[in-house]
Amino acid sequence: MEKLKSKLPKNKRGAFFLKYFVILAVIIVIGFIITGLTLMTFVYNFSKQETLAGLSKNSIAISSFTSEILGSDLALHNPEATALLFYNNLKLTADASGSMVFMCDATGDIIACDDTLKKPFETAQHAVCEEHERIHIPKAYIVKAEAIGYADYTKLGGVFNETHAVAISPITVEKEVVGFTICTSPVSDQLAGYFIKLLTSFLSAAVIALVILTLALFFLADKMTKPIRDLATAARSYSSGDFSHKVPVPTEQNEMTELIIEFNLMAESLEALENSRRSFVSSVSHEFKTPMTTIGGFINGILDGTIPPEKQNYYLEIVSSEVKRLSKMVNAMLNISRIETGSLNLKLEHFDISKKLLNTFLTFEQLITDKNISIEGLEDLEELTVLGDQSMLDQVVYNLIDNAVKFTNDNGKISLSTKTDSKFSYFSITNTGKGIPPTHIKNVFDRFYKVDESRSTDTKSTGLGLHLVKSIVDLHGGKVTVKSKPDEFTEFTVKLPR
């Protein structure tokens, strides 16, 4: 056990704190990762939509501008100016949006781009730049764009090696589609730079937040695990028999607070039990030592001849009385132990306890006569039905009457009264005499407790009688109470189920 205790941490941050801290830290990091991925996904999709919307807007604007130019008188009278105006529009749009802008005719052949000046559509000459010369827009996309335009992420049927954001808008002249404006942008070109900036900003903010959260998490984990360390320290103290250590109760109300309160209450109960155990051992030792010393002394005196033969019977009677006292004490302790361990099975039955009260008083007739005690209430005793174990309640009645006779003053009085209600029967035994001081009332039912600490008044008492009375009555679901006025009276009242 000592080796095991030596291995325990002494109220310092240990494995539990480290695990708790690491778990919380991992949860926070995972939260940041999930948040970052969610943010990136959202931004990625949003950026794709915005990019596509921007390309669609530009392609529609260029198609509209081109339709107006081709349908105007300028295209007929000044084709060079028209071509220059047309090219400038493509170039400015491409530069402003960072995308590629080019046009195709109704069949899908490229006829103009943002890099090469081209003549109007009516012109038969085509001079396409090297980058766009190889491109031919598949008919499927031409058909899709002819009505309301087309916008999507695609490779245009193999035109591009990688996915592009593509927006195609028709160019109409006098309600006839004569060509298409195509705005494209590689996905990598559009999103890579944006994502790098976004990721850099996010990581910078995340690092700062993680540093702050790590510090806060350290103090939080320390605060949340401190009660557990305090509990471990207290438990270690209790295991060594020291119950004085109490765990500080946190101010906030939570499950841990309730646990600590219950733990402290348990410690108080264990302390009371330990004190009771020590008192019990001390009392038993004392109670057994006195009669055993008496018995041993008288027996040795008879055996070695110290006590003459003519006095041996007298001392043997004392020895017999002490043996009976020991037997009575052992039986009482066994009954108490059986009650406390729950091994005592009551044989419940309805019976008249008045008869037991009367018969028990008769067994004390000689003592009552010797002390000239008057008994009141026996002549008015009526049937008093209770539900209980007769043999166990015999001990209750006997111990209470024995106490009353024992502590009644000479020429004193013992009164017996009874009453009933719908559920319980009551009987009270009141005796005159010295009484019980108020400071002792709460302890009279404790094991081995005696009001007279000097033990001179009642040398034959075991100190277990009233404790046994309370244990038996409680076991029956009843209650026993006491009240007393010093130098006047003492009254015990028993309540038992009917």
- [ ] At q = 0.14, 0.18, 0.20 Å⁻¹, work out log10 I(q)/I(0) for segment 239-320 with the Debye formula, treating every Cα as an identical point scatterer and leaving solvent out; two decimals please.
- [x] -0.65, -0.82, -0.90
Task: Length gained when the stretch THR257-THR294 is fully extended (0.36 nm per residue, less Cα-Cα span) - done: 7.8 nm
- [ ] Please find the FRET efficiency linking ASP304 to LYS328, where r is the Cβ-Cβ separation and R0 is fixed at 41 Å, and quote it to the nearest 0.05.
- [x] 0.90
Open item on the list: Are there any GluC sites (Glu not before Pro) in segment 367-408 that are in a DSSP loop and have at most 16 other Cβ atoms within 10 Å? List them by number.
Closed with: GLU379, GLU382, GLU383
Open item on the list: Sequence gap at least 6, Cα distance under 8 Å: using those rules, report the relative contact order of segment 257-369 to the nearest whole percent.
Closed with: 18
Open item on the list: Once the cut-off is 21 Å, how many percent of the Cα-Cα pairs in segment 141-282 end up in the long-distance tail?
Closed with: 71
Open item on the list: At R0 = 22 Å, how high is the FRET efficiency between LYS226 and ALA272 if r is their beta carbon distance? Nearest 0.05 is fine.
Closed with: 0.20
Task: Gyration tensor (alpha-carbon) shape descriptor, segment 225-379, a/c threshold 1.5 - done: oblate
- [ ] Only Cα pairs under 8 Å and at least 6 apart count here; give the relative contact order of segment 166-254 as a rounded whole percent.
- [x] 14
Task: Segment LEU18-LEU84, length gained on full extension (0.36 nm per residue, minus Cα span) - done: 16.4 nm
TODO: In square nanometres and to one decimal, what's the mean projected area of the convex hull around the Cα atoms of segment 48-115?
DONE: 4.9
Open item on the list: Starting from the 7 Å offset along Cα-to-Cβ, what nm value, one decimal, do you get for the label separation of SER240 and PHE46?
Closed with: 6.2
Task: Cα-based Rg of the chain normalised by 2.2 N^0.38 Å, two decimals - done: 2.26
TODO: Note down, for segment 297-364, the three equivalent ellipsoid semi-axes (square root of 5 times each alpha carbon gyration tensor eigenvalue), biggest first, whole angstrom.
DONE: 38, 19, 6
Task: Gained length - GLU317 relative to ASP109, 0.36 nm times residue gap less alpha-carbon distance - done: 61.1 nm
Open item on the list: As a quick test, which of the pairs LYS371/LYS470; LYS355/LYS423; LYS355/LYS442; LYS347/LYS423 have an alpha carbon distance above 24 angstrom in this structure?
Closed with: LYS371/LYS470; LYS355/LYS442
Task: FRET E, pair SER64, ILE34, Förster distance 51 Å, beta-carbon r, rounded to 0.05 - done: 0.70
TODO: Taking the convex hull of the Cα atoms, report for segment 344-392 its projected area averaged over all directions, in nm².
DONE: 4.2
- [ ] Would you mind computing Rg(Cα) / (2.2 N^0.38 Å) for segment 372-420, counting N as its residues?
- [x] 1.30
Task: Accessible area per residue, Å², the chain with all protein chains present, probe 1.4 Å - done: 58
TODO: Measure off, as a whole percent, the carbon and sulfur share of the 1.4 Å-probe accessible area of the chain, all protein chains present.
DONE: 59
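The values are calculated or read from the model by the stated rules, or taken from the named source; none is laboratory data. In this text the structure is predicted, and so the values were computed from the model without any measurement. Here Cβ is always computed from backbone atoms with ideal geometry, including for glycine, and neighbour counts include all displayed protein chains. Ligands, DNA and RNA are excluded from the accessible area calculation, which covers all protein heavy atoms including side chains. Shrake-Rupley method; radii C 1.70, N 1.55, O 1.52, S 1.80 Å.
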